[in-house]
Amino acid sequence: MSPPTMLQQADAHHRSLSEPKNGPFTYTDPLSEVPTLSGVDTSVDGSTPIIDMEGLLGPQRSEFVKQIGHACEKNGFFAVKNHGIPEMKINNMLDTARDFFHLPEEEWLKFRSSDPNSIIRLVTACQESELNVTFGVRTHTDPTLITILMQDDVPGLQVINDDKWIDVNPIPNAVVVHVGDMLQALSNCRYKSLLHQATVNCEKERVSIASYCYPSDDAEIGPAKKLIDDDHPAIYKDFTYKEFHESMWRVKCSTAKRLDLFKAESD
């Protein structure tokens, strides 16, 4: 697992969305791609599946595994509690990330890297923008096996559930696990890569830390053989992660369509 990278959803100086100010390029996208809060279903209650890791070592292990599988199939994500990471460590990590983004910009630039494959990378590219079209992270899926997300107490993460956007409100001392593109391919589309986005909170900054779990470049990805039969033909052909990663830069398409480039040919 790669060390965590920091995702800052809102900068400390973003005091108001009503006044045009310069904002980081990372937070700006065309208006057509900006999600609207009016499309979020706020009526959904208890929408985040919660998995208690204590069950992994207990006599109900098989039931615990079924719960994870069901969450991956139906939701594409779940929250984990009793995961073994001390609450103090999570809070210290989030505080460190927050403190970093409160430093003067010249301090940020000391960590700037032009290497896109750097394990820990700070995105510092900026251009003129106005914060009334600034929202955070556009709709996407992750090109990972799984993504593990730690977030503070400020809402902002949204996911698709039953064709509706819903808020994933933070759960104290829990981490969120997303299904990524590679796990969708390995499961022959049984597990769904999570379509999600993050919005900027105009009243309070939001900090989250994501750990991305990737295969090695030479890893062969494709549907597990046990999941393929006459009734369930292979949806994807075999490919290496390097081939998938290169296609991300070579072909311009929605992140939700990346795996379509590797679909198996139908007879």
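Overview of results
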| item | result |
| --- | --- |
| Residue in the stretch 221-239 that is modelled with pLDDT of 95 or more and under 18 Å from the mean Cα position of the chain (by Cα) present | no |
| Among (1) crowded, with 19+ Cβ neighbours inside 10 Å; (2) modelled with pLDDT of 90 or more; (3) not hydroxyl-bearing (Ser, Thr, Tyr), the one test that residue 154 misses | (1) |
| Some residue of the stretch 30-48 being in contact with a strand residue (DSSP E or B) (Cβ under 6 Å, 6 or more places away or on another chain) and at pLDDT 80 or above | yes |
| Candidates 162, 115, 142, 167, filtered to the one that is among the charged types (D, E, K, R) and at pLDDT 90 or above | 142 |
| Residue 74 vs. criteria within 18 Å of the chain's Cα centre (by Cα), at pLDDT 80 or above and surrounded by fewer than 17 Cβ atoms within 10 Å (Cβ to Cβ) | yes |
| Condition check for residue 18: at pLDDT below 90 and either assigned to a loop (DSSP other than H, G, I, E, B) or under 18 Å from the mean Cα position of the chain (by Cα) (or both) | yes |
| So residue 208, is it of a type outside the set (A, V, I, L, M), at pLDDT 90 or above and surrounded by 20 or more Cβ atoms within 10 Å (Cβ to Cβ) | yes |
| Unmet requirement for residue 252, which otherwise passes all of (1) surrounded by 18 or more Cβ atoms within 10 Å (Cβ to Cβ); (2) modelled with pLDDT under 95; (3) not aliphatic (A, V, I, L, M) | (1) |
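This table checks each residue for (1) in contact with a Gly (Cβ under 9 Å, 6 or more places away or on another chain); (2) within 21 Å of residue 157 (Cβ to Cβ).
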| site | (1), (2) |
| --- | --- |
| 53 | yes, yes |
| 57 | no, no |
| 62 | no, no |
| 78 | no, yes |
| 83 | no, yes |
| 91 | no, yes |
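The values are calculated or read from the model by the stated rules, or taken from the named source; none is laboratory data. Just so you know, these numbers come straight off a predicted model, no measurement behind them. Cβ sites come from the backbone with ideal geometry, for glycine too, and all protein chains shown count toward neighbours.
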